[in-house]
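Okay, structure first, notes after.
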Amino acid sequence: MLELREVAKSFGGLKVLTDVSFTAAAGEVTALIGPNGAGKSTLVNLISGYLSPNAGTIALDGEDLTGRPAAKAFAMGVSRTFQVTGNTAELNVFECVAMAAYRQSSDYREVNRIAEEQLRSFDLWPYRSRRLGDIPTAMVRVVDFARGMAANPKLLLLDEVMAGLTPVEVDVVIQQVRACRETGVAIVMIEHVLQAVTALADSVVVLNNGHIVATGSMSEVSRSEEVREAYLGRAAAH
Ligand SMILES: Nc1ncnc2c1ncn2[C@@H]1O[C@H](COP(=O)(O)OP(=O)(O)OP(=O)(O)O)[C@@H](O)[C@H]1O
């Protein structure tokens with residue numbers, strides 16, 4: 001289980017997150033939603049070690065993750081995807097996924113077996129030799145998702161994996177997220193695609209202006225006036 005307590009982050013004088021506390025259980029999908037600029041990506045960067053909080057604690061299965069660098073967080077079982085995936089453009093699909101499988105084994109045959117298994121389960125095997133720079137961005141996000149799972153993580157952070165997918169493709173990825181949840185991994189998903197949040201979220205955390213304004217099931221949070229204000233503006237909430 002992931003547990004955040006009173007996490008805060010500022011950039012210079014700009015407070016981006018204040019007093020953020022929530023938990024995300026193993027075998028569940030926790031959706032992190034909120035308007036643009038709410039602080040969702042910053043939170044994912046804090047959990048995955050790409051940023052360090054100014055205050056508060058982050059723990060995974062009781063182990064302290066607070067301020068651990070990204071490589072250490074990965075070794076401790078935190079996998080994440082990226083909204084912008086340009087750094088890996090020269091790798092092919094197989095190499096990208098195999099890289100993460102090294103968390104599970106240092107034997108290259110085992111690494112290749114894990115990478116093949118993940119690529120087949122994501123229907124990416126036919127694309128294994130394609131350079132990431134040559135495939136559509138929406139497919140790169142799914143490769144990134146498969147890479148995240150190839151590490152056999154305790155926690156998988158999905159940062160807008162559905163962005164740019166067609167509704168049919170969203171349905172396919174929804175099934176893939178469900179299959180991953182079955183493995184018992186805790187999934188924290190930043191998502192703007194409502195179809196996906198409604199279909200997948202066991203619980204929802206709503207951020208606005210760096211604060212949590214609601215937590216609960218999708219139907220609970222959508223009844224909250226603060227949530228409607230955050231999304232639709234004050235007038236629409238009345
Ligand atoms: N490195 C940084 N330096 C300064 N300000 C930053 C930095 N990173 C993010 N911010 C600011 O922090 C706020 C929250 O940004 P963040 O990207 O976390 O929001 P978000 O909820 O993920 O938005 P989106 O849905 O658009 O991705 C924004 O005002 C942003 O401009």
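Remarks
- Close pairs (8 angstrom Cβ cut-off, 6 or more residues apart or separate chains): on the phi > 0 side of the Ramachandran plot in region 120-137, open to solvent by less than 80 Å² (accessible area, probe 1.4 Å) anywhere: 123/172
- Subset of region 173-194 that is loosely packed, with under 14 Cβ neighbours inside 10 Å and not small (Gly, Ala, Ser) - its residue that is farthest from residue 28 (Cα to Cα): 194
- In region 32-44, the residues that are in contact (Cβ under 8 Å) with a residue 24 or more places away in the chain and within 10 Å of residue 206 (Cβ to Cβ) form Cβ pairs under 7 Å with partners that are near the ligand (Cβ under 6 Å from one of its atoms) and open to solvent by 10 Å² or more (accessible area, probe 1.4 Å), at six or more places apart or across chains, as follows: 32/40; 34/40.
- Checked against (1) open to solvent by less than 20 Å² (accessible area, probe 1.4 Å); (2) under 22 Å from residue 118 (Cβ atoms); (3) in contact with a Ser or Thr (Cβ under 9 Å, 6 or more places away or on another chain), residue 95 passes all but a single condition, namely (1).
- Count of region 33-75 residues which are within 16 Å of the ligand (Cβ to nearest atom), over 17 Å from the mean Cα position of the chain (by Cα) and crowded, with 18+ Cβ neighbours inside 10 Å: 2
- Filtered residues of region 1-32 (kept if among the charged types (D, E, K, R) and either within 8 Å of the ligand (Cβ to nearest atom) or within 30 Å of residue 179 (Cβ to Cβ) (or both)): 3, 28
- Selection within region 209-221: residues that are open to solvent by 40 Å² or more (accessible area, probe 1.4 Å) and more than 15 Å from residue 30 (Cα to Cα). The member of this set that is nearest to the ligand (Cβ to nearest atom) is 209.
The values are calculated or read from the model by the stated rules, or taken from the named source; none is laboratory data. Please read these numbers as outputs of a predicted model, since none were measured by experiment. Note that we place each Cβ from the backbone using ideal geometry, even for glycine, and neighbour counts take in every protein chain shown. Surface accessibility is based on the protein's heavy atoms, side chains included, excluding ligands, DNA and RNA. Shrake-Rupley method; radii C 1.70, N 1.55, O 1.52, S 1.80 Å.
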